[in-house]
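FYI, it's all coordinate maths here, none of it is from the lab. Everything quoted here is computed from the prediction, not taken from an experiment. All Cβ positions, even for glycine, are placed from backbone atoms using ideal geometry, and neighbour counts span all protein chains on display.
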């Protein structure tokens, strides 16, 4: 059953995958304008991915084993094994909800919007298969308010399925505030329990819902689509691929690649600046991910296990190359400020700690950080990690820690009371900044 | 039962049960009042902004456990709790 070792390499031209050879072009700051990938209506979807999961005999019995066999992990960024999560929810009791998380909080990422706008039936099939597997009673599609193209595609898909008489359990669309932490799993569960859309502390991570409330299984959009692929094609025919968002200065590209492809190959093929020279470094995974120098990352494959061995994670699939004319520490500081501003403002170490760190980063980029200020920065960073109700502050500190290492040269230039004079700013897109 | 014995929340899943007791905090409730660090100096220090940093190891019986129980009982926000694994 295992497809890990000895699986034949898939040439991209032969790959069926989810998007196959299609590449989505997405504007930098808005996933509403998405071209390049044809939307599968229900008829096209059924001819590509087969029958409705509710009509496949024996699917529920084999699906949990199959998810384990292909080692499917959570593509929202955490990469927790999907089979373990599904089993834990199933064991905790029947009758709850399954949520497909389409509130793509990661500002650089556009893969979930791409899936929901072009492969909505695949995502909904995964949702239905999950509902049946954990014996839940309803499905929820969790989207950002204002994501009109995405919401439109999902509601059209639900209407298509109802009109075709497909045996779906009840599925509803729930719109979340358009904030970074609206996509946090505990924010979703708290909302479904009637509370605010804010992350919450859970003493027992295996049971993120409140005592007395129904169970809730939350999976990222891509995870759910992949579960549908496993359901449709079986573990032995599942192709280990990933959806990646590659950030260029003019646009983003969402591509699907097999795990044998290297990050260097992805950047060479899909990064618009490549003809002007290789990037100095790549931000990998998300804005709470890691900066890695080009020489260290170019030969690494997209494979989750190989990256983990190198102490890295593909996270939510973000590939953010930094042009060599840009200053890494200025870019990192800009992202730290954004992440500090996106705090849910609940936990002291996040509210005050990230703000203090962002302040010191501003001093650093302005060439005004004293040696004692630098010591303070290190101390604050060490104090914050692991001390929030959610992992938001940990991600910000991880990203900054990697930046201070990878861009040590930029740091030393800025520390001598000067600035680096970089002529290129604002490489990674942030909401509301325009292009 | 001693006066003000703190309520213990049982973990049903998650870390494997091993009979140990851990001092834990819900950081989203904590307001950084800081009484806890005075009552449980062996287990709690305060960070640069006055919020408690907890010793993550199992709390040994005796003096440390008595400190932990006192801190849990005194927390005005009820952010601290003991977790039996």
Subject >> Fully extended contour minus Cα-Cα distance, from residue A:345 to residue A:155, at 0.36 nm per residue >> reply: 65.1 nm
Original post:
Computed FRET efficiency, Cβ-Cβ of residue A:405 and residue B:38, R0 30 Å: what is it to the nearest 0.05?
Top reply: 0.20
Original post:
Over chain A, what relative contact order in percent results from Cα pairs under 8 Å that are six or more residues apart?
Top reply: 18 percent
Subject >> Spacing of the two label points (7 Å from each Cα toward its C-beta) at residue A:423 and residue A:87, in nm >> reply: 5.8 nm
Original post:
Measuring from the lowest to the highest alpha carbon on each principal axis, how far does chain A reach, largest first, in angstroms?
Top reply: 69, 50, 39
Subject >> Backbone N under 13 Å from the residue A:43 label point (7 Å along Cα→Cβ), restricted to segment A:149-183 >> reply: A:164
Subject >> Peptide B:20-27 - average C-beta neighbours from other chains (10 Å radius) >> reply: 3
Subject >> Full-extension gain in nm, residue A:21 to residue A:33, via 0.36 nm per residue minus C-alpha separation >> reply: 2.3 nm
Subject >> Residue-averaged [θ]222 nm for the protein assembly as shown, counting only DSSP H segments that reach four residues, each worth -39500 (n - 2.57) >> reply: -10500 deg cm²/dmol
**OP:** Could you let me know the centre-to-centre spacing of segment A:95-109 and segment A:235-290, using Cα atoms, in angstrom?
**Re:** 22 Å
Original post:
Once the piece of chain linking residue A:274 and residue A:233 is laid out straight, how much longer is it, given 0.36 nm per residue of separation minus the C-alpha distance between them?
Top reply: 11.1 nm
**OP:** Would you mind classifying segment A:393-435 by shape? Square roots of the alpha carbon gyration tensor eigenvalues, ordered a ≥ b ≥ c; an a/c under 1.5 is rounded, otherwise it is prolate if a/b is larger than b/c and oblate if not.
**Re:** oblate
Original post:
For the residue pair residue A:249 and residue A:80, what label-to-label distance in nm results when each label sits 7 Å from Cα along the Cα-to-beta-carbon direction?
Top reply: 4.0 nm
**OP:** Arrange A:172, A:387, A:87 by Cβ neighbour counts within 10 Å, fewest through most, would you?
**Re:** A:172, A:87, A:387
Original post:
Can you list the residues of segment B:49-77 with backbone N under 18 Å from a point 7 Å past the Cα of residue A:382, pointing along Cα to Cβ?
Top reply: B:49-57
Original post:
If packing is taken as the mean number of other Cβ atoms within 10 Å per residue, what is the order of A:347-355, B:31-39, A:118-126, highest first?
Top reply: A:118-126, A:347-355, B:31-39
Original post:
Which FRET efficiency value, to the nearest 0.05, is calculated for residue A:65 and residue B:46 with the Förster distance at 51 angstrom and r the Cβ-Cβ distance?
Top reply: 0.55
Subject >> Percent of beta bridges antiparallel (DSSP, the protein assembly as shown, rounded to nearest 5) >> reply: 60 percent
